[in-house]
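**Student:** Can you keep this structure in mind? I'll have questions shortly.
The values are calculated or read from the model by the stated rules, or taken from the named source; none is laboratory data. Quick caveat: nothing in here was measured; it's all calculated off a predicted structure. Note: ideal-geometry Cβ built from the backbone for every residue, glycine included; neighbour counts use all protein chains shown.
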Amino acid sequence: MMPEELLHTHNKIKPKQSLVRHTTFRIGGYAQYLLEAKTTEDILNGIKIAKHLGLPYYILGAGSNILVSDHDFAGLVIKIATDRCAVDTHTITVDAGVSMGSLACKSADWNLTGFEWGIGVPGTVGGSVRGNAGAYGSEMKNVLYSVTVFRPSEDKILTLDATNCEFGYRHSIFKANKDVILSATLKLKPGNGEAAKLLIRDLIKKRNSSQGVGNVCAGCVFKNYQLSSEEVSSPILIKNIPPEFLEKSLIPAGWMIEMVGLKGFGVGGAKVSDKHGNFIINHNNATAKDIKNLIAIIKEKIKTHFGIDIQEEIAFL
Ligand SMILES: Cc1cc2nc3c(=O)[nH]c(=O)nc-3n(C[C@H](O)[C@H](O)[C@H](O)COP(=O)(O)OP(=O)(O)OC[C@H]3O[C@@H](n4cnc5c(N)ncnc54)[C@H](O)[C@@H]3O)c2cc1C
């Protein structure tokens, strides 16, 4: 069968789909093919078809931490839209496509506590496991028990103990390998549903006041800078760092961006948020090129001023 015919036998795969509406930056060219995978079987079939045809494929969650190129993607984008979620006492097993916000609300409905913070992360569980997403002092690794993945190199489904996922600050083993996260198992604590819902409401208010509402962005563009023990003991290496950052061995990227005078600075349709230095906003039909140019300027200024190479937190397609 010819590739086109094979693709058309799978009626969920759609040709030539704009990726703009699949990313929170609202930026991106077209995907040659796009599959909205509603079941784990859809995900596995999509990968199988792409492999069979020699087409590259790319796994997309909610698109809330990614910059998609202005150029078209010659391959299959598999958007993870699986939605099963089940509870057994304090253990939740959840599909990769479930949104962090809905999982936070469900865990409160189930009188569980420890995942209220998830309300502020506008991504999927899969994307958040990969990046060890976190907020308000908590992160995925604190609540994860295991992760089930499809490992293309071995053509198998595996369940990994969370302790073997090499979680670190916005890092996991999945950033280095090609595993596709299918589902996750979380262990939470028994709590009071009403108190959990109150906390969720408070966190929403806190977010809205610190980040602004309705911004078209992809969250934090850069990772905060983790100081080495040498840098902490000789703060002279990096100038004018407030003691509270030295104590935590972490310099917020947003603070550095503000210090070099780039808050509000723009390139084309993109600008650094006036509220949050680590957010780049698509405020006027920005292209991926505008965002990339702005990222390059920020990195260069921070290197010149602080002698630090900051790294992007966002992914690129
Ligand atoms: C307004 C705003 C606020 C935010 N606040 C926070 C915050 O407080 N804390 C925080 O940590 N993040 C925050 N983010 C960033 C973002 O929501 C998280 O990084 C989130 O975890 C990304 O999930 P996603 O599903 O959108 O991933 P995507 O952006 O779709 O993908 C990101 C990367 O993960 C990969 N990926 C996605 N799903 C899978 C999967 N199932 N298997 C394998 N790889 C996969 C993709 O290939 C890509 O490389 C914020 C973003 C926005 C827009």
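**Student:** Is it the case that some residue within the stretch 263-274 is closer than 30 Å to PRO56 by Cβ, away from the ligand (no atom under 16 Å from the Cβ) and not β-branched (Val, Ile, Thr)? Outline the logic, then answer.
**Tutor:** Of all residues in the stretch 263-274, those closer than 30 Å to PRO56 by Cβ come to 267-270.
Checking which are away from the ligand (no atom under 16 Å from the Cβ) leaves us with 267-269.
Still in the running and not β-branched (Val, Ile, Thr): 268-269.
Checking the stretch 263-274: at least one residue is closer than 30 Å to PRO56 by Cβ, away from the ligand (no atom under 16 Å from the Cβ) and not β-branched (Val, Ile, Thr).
**Student:** LEU76: more than 12 Å from the ligand (Cβ to nearest atom) and either of a type in the set (A, V, I, L, M, F, W, C) or over 16 Å from the mean Cα position of the chain (by Cα) (or both), yes or no? Spell out the reasoning first.
**Tutor:** Numbers: more than 12 Å from the ligand (Cβ to nearest atom): yes; either of a type in the set (A, V, I, L, M, F, W, C) or over 16 Å from the mean Cα position of the chain (by Cα) (or both): yes.
Judged against the criteria, LEU76 is a match.
**Student:** Condition first: within 16 Å of the ligand (Cβ to nearest atom), in a loop (DSSP other than H, G, I, E, B) and either touching a Phe, Trp or Tyr at 6+ places or on another chain (Cβ under 7 Å) or touching a residue at least 60 places away in the same chain (Cβ under 8 Å) (or both). Can you find one or more residues in the stretch 41-58 that meet it?
**Tutor:** Among the residues of the stretch 41-58, not one is within 16 Å of the ligand (Cβ to nearest atom), in a loop (DSSP other than H, G, I, E, B) and either touching a Phe, Trp or Tyr at 6+ places or on another chain (Cβ under 7 Å) or touching a residue at least 60 places away in the same chain (Cβ under 8 Å) (or both), which makes the answer no.
**Student:** Okay, next question. I'm trying to understand the selection: among the residues of the stretch 85-97, which are more than 19 Å from ASN65 (Cβ to Cβ) and touching a residue at least 40 places away in the same chain (Cβ under 8 Å)?
**Tutor:** Initial filter on the stretch 85-97 (more than 19 Å from ASN65 (Cβ to Cβ)): 85-93.
The answer is HIS90, THR91, ILE92, THR93.
**Student:** Right, another one. Any residue in the stretch 184-192 that is surrounded by 13 or more Cβ atoms within 10 Å (Cβ to Cβ) and either within 14 Å of the ligand (Cβ to nearest atom) or more than 23 Å from GLY101 (Cβ to Cβ) (or both)?
**Tutor:** Yes, the stretch 184-192 has at least one match.
**Student:** Still on this structure: Which condition from (1) surrounded by fewer than 16 Cβ atoms within 10 Å (Cβ to Cβ); (2) within 20 Å of TYR169 (Cβ to Cβ) is the one that ASP274 breaks?
**Tutor:** (2)
**Student:** When you scan the stretch 164-174, do you find a residue that is in contact with a Gly (Cβ under 7 Å, 6 or more places away or on another chain), more than 8 Å from the ligand (Cβ to nearest atom) and of a type in the set (Asp, Glu), even just one?
**Tutor:** No, the conditions are met nowhere in the stretch 164-174.
**Student:** For ALA176, which of the numbered conditions (1) assigned by TED's automatic domain parsing to the domain that holds SER102; (2) surrounded by 12 or more Cβ atoms within 10 Å (Cβ to Cβ) fails to hold?
**Tutor:** Going through (1) assigned by TED's automatic domain parsing to the domain that holds SER102; (2) surrounded by 12 or more Cβ atoms within 10 Å (Cβ to Cβ) one by one, ALA176 breaks only (2).
**Student:** Go through (1) within 12 Å of the ligand (Cβ to nearest atom); (2) surrounded by fewer than 24 Cβ atoms within 10 Å (Cβ to Cβ) one by one and return the number of the condition VAL125 breaks.
**Tutor:** It fails just one condition, (2).
**Student:** Right, next: Pull up the stretch 64-73, narrow it to residues that are in a loop (DSSP other than H, G, I, E, B), in contact with a Phe, Trp or Tyr (Cβ under 9 Å, 6 or more places away or on another chain) and in contact (Cβ under 8 Å) with a residue 60 or more places away in the chain, then point me to the one that is nearest to the ligand (Cβ to nearest atom).
**Tutor:** Filtering first and then ranking leaves SER64.
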